[in-house]
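> The following block contains the structure, expressed as structure tokens.
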Amino acid sequence: MITVRNNIALIQPGFSLMNFDGQIFFFGQKGWPKRSCPTGVFHFDIKQNHLKLKPAVFSKDSCYLPPLRYPATCTFQGSSESEKQQYIIHGGKTPNNELSDKIYVMSVVCKNNKKVTFRCTERDLVGDVPEARYGHSLDVVYSRGKSMGVLFGGRSYMPSSQRTTEKWNSVADCLPHVFLVDFEFGCATSYILPELQDGLSFHVSIARNDTVYILGGHSLANNIRPANLYRIRVDLPLGSPAINCTVLPGGISVSSAILTQTNNDEFVIVGGYQLENQKRMVCNIVSLEDNKIEIQEMETPDWTPDIKHSKIWFGSNMGNRSVFLGIPGDNKQIVSEAFYFYMLKCSEDDVHEDQRTFTNSQTSTEDPGDSTPFEDSEEFCFSAEANSFDGDDEFDTYNEDDEDDESETGYWITCCPTCDVDINTWVPFYSTELNKPAMIYCSHGDGHWVHAKCMDLAERTLIHLSEGSNKYYCNEHVEIARALQTPKRTIPLRKPPMKSLHKKGSGKILTPAKKSFLRRLFD
């Protein structure tokens with residue numbers, strides 16, 4: 001059993017885990033990031049059966065990264081030593097249920113005993129840019145010394161022309177096109193393969209050299225989980241890429257399953273669903289050898305009663321032959337945990353060489369999240385300096401108390417009596433806005449945040465205030481600030497002395513002594 005050292009209420013269906021050289025990092029938190037961890041990325045630290053979330057920091061040149069649920073992620077080997085291992089993130093859902101079409105690249109730029117500093121960069125795409133989506137797959141293939149990303153499947157919102165108020169958040173399968181993405185040059189090309197007729201989402205994908213295998217998945221249009229098994233092979237010659245698809249026998253019917261790698265040629269499929277409300281309790285071993293794929297059932301793990309009776313489950317691959325699973329808590333109890341979490345580890349220490357078993361351990365959290373199926377769960381980030389969290393260990397830990405200060409740090413507050421910013425109807429007003437309204441800090445009293453639009457600030461004024469160090473006062477407090485302001489000290493003007501001028505003519509006035517002297521001089 002794993003004890004929780006601090007609050008992990010941020011874990012929700014759709015999160016992702018990234019494994020950098022054995023260190024695990026959590027991404028895709030519930031809600032928008034808070035000041036305790038503005039990056040939204042946490043070190044998922046499990047030691048001696050204790051779980052602890054520690055904020056991860058971004059380098060100064062990192063870009064904005066929203067907390068995305070159900071994105072497509074994959075590892076990529078960069079060309080330089082500093083980019084030896086990278087994670088590619090595409091698509092996903094933001095806490096506002098907006099879909100992303102961006103590609104982000106995560107890499108480690110600094111690593112020591114206590115801190116890991118990431119660099120997050122956004123890659124722009126040209127060509128056949130994939131539409132915003134979630135529940136899809138992204139893999140990297142290698143051919144003839146080149147590499148290419150293979151993107152397939154997923155769900156997206158219906159076209160704007162078909163969206164109505166009642167069905168505004170209705171989703172549909174993306175077209176079954178295969179996209180080849182060049183991460184180095186940012187080019188994307190779409191391919192239509194006749195073997196792929198229906199859109200799929202929440203399928204399993206496995207990449208090996210120049211080949212990607214697609215297993216299972218859920219077709220939303222037909223509401224089925226077909227026992228699919230496709231082999232997509234990519235050839236990268238000097239000219240245009242060549243891509244072909246083959247339908248293979250021996251597929252399995254599953255969606256939302258978790259894939260973990262046990263060795264170079266072997267993978268294990270855990271969890272998922274075989275029907276709408278029926279979990280798939282069996283696990284499979286997938287073996288890749290000599291360009292062949294073989295799928296076999298393995299010994300069923302000794303699931304706990306809680307797992308057996310739960311209607312939903314979710315999780316992510318931890319790497320190192322481990323899987324992190326979550327199930328809803330028991331709502332029948334007076335004091336109920338929102339979720340119970342398990343760590344399943346594939347063990348190779350058995351007597352029989354070819355047998356694989358799972359061990360699991362349990363933990364609980366206080367997350368009050370919803371209880372919806374994994375693939376149907378509908379659900380900001382500032383870059384931080386590398387030394388933002390230096391210091392004692394207490395700053396490494398996510399602070400539960402910071403979750404209660406939404407009125408101060410949230411973007412969806414009522415900032416003034418005339419505030420009209422609503423999370424459900426908000427649209428960007430300034431060119432600098434993306435997924436949140438621009439805000440500015442009022443220095444009156446203890447200070448508070450206000451929306452720039454509610455203050456009728458022009459964009460040029462807003463940019464000027466953000467670049468300077470002058471204090472700003474909102475419309476409600478600006479007159480008070482002026483009244484309390486100490487008048488500036490004024491230097492009195494020095495008046496020049498008045499000169500005596502002769503009223504007639506412009507000559508100077510002569511004294512009697514000077515008149516007598518001049519008379520004698522001219523005589």
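The values are calculated or read from the model by the stated rules, or taken from the named source; none is laboratory data. Note that the coordinates shown come from a computational prediction; the quantities given were computed from them, not determined experimentally. Virtual Cβ from ideal backbone geometry, glycine too; neighbours counted across all protein chains shown. All accessible areas refer to the heavy atoms of the entire protein, side chains included, with ligands and DNA or RNA removed. Shrake-Rupley method; radii C 1.70, N 1.55, O 1.52, S 1.80 Å.
> Report the gain in length on full extension from Glu122 to Glu266: 0.36 nm times residue separation, minus Cα-Cα distance, nm rounded to one decimal.
48.6 nm
> Under a point spin-label approximation (7 Å from Cα along Cα-to-Cβ), what is the Leu248-Ser160 distance to one decimal in nm?
The answer from the label model is 4.2 nm.
> A further question on this structure: Could you order Ile192, Ile11, Ile295, Ile480 so the one with the most accessible surface comes first? Probe is 1.4 Å.
Ile192, Ile480, Ile295, Ile11
> Once the Cβ-Cβ distance between Ala227 and Asn470 is put in as r, and R0 is 51 Å, what FRET efficiency do you end up with, to the nearest 0.05?
FRET efficiency, Ala227 to Asn470: 0.20.
> Counting pairs of alpha carbon atoms under 8 Å apart in space and at least six apart in sequence, what relative contact order in percent does segment 3-345 give?
9 percent
> Right, something else. Rounded, prolate or oblate: which fits segment 3-345, taking a ≥ b ≥ c as square roots of the Cα gyration tensor eigenvalues, rounded meaning a/c under 1.5, else prolate when a/b beats b/c?
Rounded shape, in that the Cα axes give a/c under 1.5.
> Here's something else I'd like to know. Starting from the residue with the highest accessible area, list Leu465, Leu200 in decreasing order, probe 1.4 Å.
Sorted descending by solvent-accessible area, the residues read Leu465, Leu200.
> Step through the residues of segment 84-90 one at a time and calculate ³J(HN,Hα) from phi using the Karplus curve (6.51 cos²θ - 1.76 cosθ + 1.60, θ = phi - 60°), rounding each to whole Hz and writing x for Gly and Pro.
So the J values, rounded to whole Hz, are 4, 10, 10, 10, 9, 10, 9.
> Continuing with this model, one more query. Multiply the residue separation of Gln48 and Ala172 by 0.36 nm, subtract the distance between their alpha-carbon atoms, and state the gained length in nm to one decimal.
40.2 nm
> A follow-up question, please. Which cross-chain or sequence-distant (5 or more) residues have an amide H under 5 Å from the amide H of Phe58, H modelled 1.01 Å from N in plane?
Distant-sequence amide H within range of Phe58: Phe118, Ala384.
> Moving to a separate point now. Do the alpha carbons of any pairs in Lys30/Lys111; Lys30/Lys436; Lys30/Lys345; Lys93/Lys453 sit beyond 18 Å of each other, and which pairs?
Exceeds cut-off: Lys30/Lys111; Lys30/Lys345; Lys93/Lys453.
> What accessible area, in Å² to the nearest ten, does a 1.4 Å probe give for Phe44?
Accessible surface of Phe44 is approximately 10 Å².
> Something else: List the residues whose amide H sits under 5 Å from the amide H of Asp210, counting only those 5 or more places along or on another chain, with H placed 1.01 Å from N in the peptide plane.
Placed amide hydrogens put Tyr142 under 5 Å from Asp210.
> Determine, from the Cβ-Cβ distance of Val427 and Cys110 and an R0 of 22 Å, the FRET efficiency 1/(1 + (r/R0)^6), rounded to the nearest 0.05.
Approximately 0.05, to the nearest 0.05.
> Follow-up. To the nearest 0.05, what FRET efficiency results for Gln296 and Cys63 with a Förster distance of 35 Å applied to their C-beta separation?
0.20
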